[in-house]
Structure formats: C-alpha cells, structure tokens
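Notes follow once the structure below has been shown.
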Amino acid sequence: MIEELFAIEKEAFRESPLHRLDARVKLIMTFAAIIALVSYPISTPVYLLGAVFALFYLVLWVISGLSPLVYLARLLLILPFGLSIMVLQVFFPNRFFPGTDALFSLPFGITVYAGSAQFALILFVKFLLCISFIILLSSTTRMQDMLVGARRLGFPSEFTLVMGMMIRYLFVFGQMFFRIKNALETRCFNAFDRSLPYRYRLRQLGYTIGTMFIRSYEQGERTYVSMLCRGYGKDAFLFVPPKSLQVGEWLALIVGLLVVIVAPVAVYLFH
C-alpha cells in the first residue's frame with residue numbers, strides 16, 4: 001500500500017469540468033450529500049433515495065472522465081471496514097424493526113433476525129453512497145486544493161495547518177520507507193523468503209519497523225525546530241488569498257445542492 005502512496009493523487013491531476021471545479025463547491029456538495037444520507041430516517045424509502053443519489057453520482061462520475069476501475073480499486077480498500085460492522089448487525093434484535101421473526105438459526109445459539117438484516121442493508125446503502133462521494137472528491141481534487149478550499153470555507157487555521165503538515169510528511173515517511181526497503185534488498189533480504197529462518201525474518205522486520213519510527217521521530221523533531229526558527233507558534237496560520245466563485249461554479253453548486261436537498265425531502269413526503 002505504501003508503494004501506491006506516490007500515485008494517490010494521479011487521478012486528481014486529470015482534466016475535466018469536475019476536476020477544474022473549485023474545491024469549495026466539491027467540499028460543500030460532498031458534505032451535503034453525506035449529511036442528507038446519514039440524517040435520513042432508517043426506513044425502506046432509503047432504497048429509493050439511494051437510487052436517486054446513485055444516479056446523481058453516476059452523472060458526476062461520467063463528467064469527471066475517470067475509469068470505473070479507479071472507483072472499484074478505492075472502494076475495495078474501504079469496503080471491508082464497513083461490511084464488518086454491518087454483518088454484526090444481523091445477529092442482534094433491532095429497535096428500528098421490532099417484532100420481526102428470525103430468518104434462521106446457526107450453531108451455538110446464534111440467530112439471524114430479519115429486521116436486523118433489513119437494518120444492515122439500509123446501513124450498507126448509506127455507507128456505500130457516502131464513501132462513493134468521498135472517493136469522487138479525493139479522485140478529482142488535489143490535496144493542496146482541498147486544504148485551500150477548506151480554509152476559504154472558514155475551517156480553523158489550526159486544522160488546515162496540521163492537515164497540510166500531515167499530508168506533506170506522509171510522503172517523507174514514504175520516501176524513508178523506500179530507502180530502508182532498498183537497503184534491505186541490496187543485502188538480499190526478503191521477508192517472504194522461506195529459506196530464511198522464521199525468527200530471523202521476524203526480528204529483521206521488527207528492526208525495520210523500529211528504525212522507521214525512530215527516523216520519523218527524528219524527522220519530526222528537526223521539522224518542528226525549523227518551523228520554530230521560521231516563526232511558527234500558536235498564532236501561526238496558513239495564508240490563503242481570497243477568491244470568488246465564477247458563475248459556472250455557482251451554478252454547479254446550486255444544482256448540486258438542489259438535488260441533495262430536494263431528493264430526501266421529496267422521498268420523505270411522498271412515502
């Protein structure tokens with residue numbers, strides 16, 4: 001996964017109307033979509049709302065010009081975390097769907113409830129759509145543009161400063177990992193080489209991980225001292241020049257918010 005760190009923004013440097021859209025517009029639309037999906041009541045009309053949001057998302061993805069493989073690759077990295085939570089829901093009675101019968105029973109007294117399965121499916125729809133909008137945002141917006149957009153929206157300067165430092169030195173950590181990895185390879189060490197003793201491989205991996213943490217700590221100390229020398233303190237902030245949205249960006253924002261707001265209201269009122 002660390003090997004793919006330096007290609008994480010490759011898709012964000014493409015050219016499309018969605019890529020060129022101001023980061024503030026994409027941030028607002030993403031947060032609005034997530035809030036609308038999460039705040040919608042737990043009920044079966046969520047499926048209809050999910051279909052509307054999925055259609056809206058599909059239109060945005062087509063406009064971005066990205067390959068579906070990009071979406072699938074990033075989704076598969078996150079999906080196991082969400083599925084693990086949802087699978088556990090089916091084994092416990094659910095307060096949103098009371099009085100439902102058990103679907104079937106498993107050994108050791110484990111029961112799968114119909115209402116809980118319905119609840120897990122609704123959670124999955126919400127989770128999938130929320131993650132999809134985040135994937136779209138990260139795939140069409142550069143990290144620095146996202147930070148600048150967040151600062152222009154009024155996010156605390158401490159937040160954007162810390163996030164900017166984290167993003168910057170994440171790549172420093174990646175470079176450090178590659179240097180250590182190359183040093184091990186030049187010494188013909190392979191952690192998956194079964195001809196080497198298991199304890200020896202485990203010990204070398206432990207040394208490697210410890211070395212990375214120590215070097216990261218030393219790099220952090222040097223960085224902090226250099227920041228203090230340049231005037232960093234509790235009142236420091238990331239300066240972002242003001243920028244007004246263009247007419248097309250205002251139009252895209254209005255259309256996106258209309259879809260995100262009108263769709264849940266309409267589904268809620270007519271069901």
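The numbers here are math on the coordinates, done by the rules we state, and not lab data. Given the structure is predicted, the values throughout are model-derived calculations rather than measurements. All Cβ positions, glycine included, derive from the backbone under ideal geometry; neighbour counts span all protein chains shown.
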Provide Lys181, Lys26, Lys10 in ascending order of the number of other Cβ atoms located within 10 Å of each residue's Cβ, fewest first. Lys10, Lys181, Lys26
In units of 2.2 N^0.38 Å, the Cα radius of gyration of the range 157-229 is 1.44
Per 0.36 nm of contour for each residue apart, how much would the distance between Gln175 and Ile85 grow if the chain were fully extended, relative to their Cα-Cα spacing? 29.0 nm
Residue of Leu205, Leu75, Leu55 that the Gaussian network model of the chain assigns the largest fluctuation, springs spanning Cα pairs under 10 Å: Leu205
If Lys and Arg each add +1 and Asp and Glu each add -1, what is the summed charge of the other residues whose beta carbon sits under 11 Å from the beta carbon of Ile167? +1
Ranked by GNM mean-square fluctuation in the chain (Cα springs under 10 Å), the top entry among Ser43, Ser195, Ser139 is Ser195
Let's see if you can work this out: charge +1 on each Lys and Arg Cβ, -1 on each Asp and Glu Cβ, no other charges. What is the dipole magnitude of the chain about its Cα centre, in debye to the nearest 20? 660 debye
Footprinting proxy, Phe270, Phe119: sorted fewest to most Cβ within 10 Å, the residues are Phe270, Phe119
At 222 nm, what helix-only mean residue ellipticity would the chain give, in deg cm²/dmol to the nearest 500, using -39500 (n - 2.57) for each DSSP H run of four or more? -23500 deg cm²/dmol
By how many nm would the segment from Met166 to Leu76 lengthen if fully extended, with 0.36 nm per residue of separation less the alpha-carbon distance? 30.0 nm
Of all the C-alpha pairs in the chain, what % are more than 29 Å from each other? 53 percent
Determine the gain in length on full extension of the stretch Ile134-Ser67; use 0.36 nm per residue of separation and subtract their C-alpha separation, reporting nm with one decimal. 22.5 nm
Fewest first, what order do Tyr232, Tyr200 take by the number of other Cβ atoms within 10 Å? Tyr200, Tyr232
Rank Gly256, Gly50, Gly154 by mean-square fluctuation in a GNM of the chain with C-alpha springs under 10 angstrom and give only the top-ranked residue. Gly154
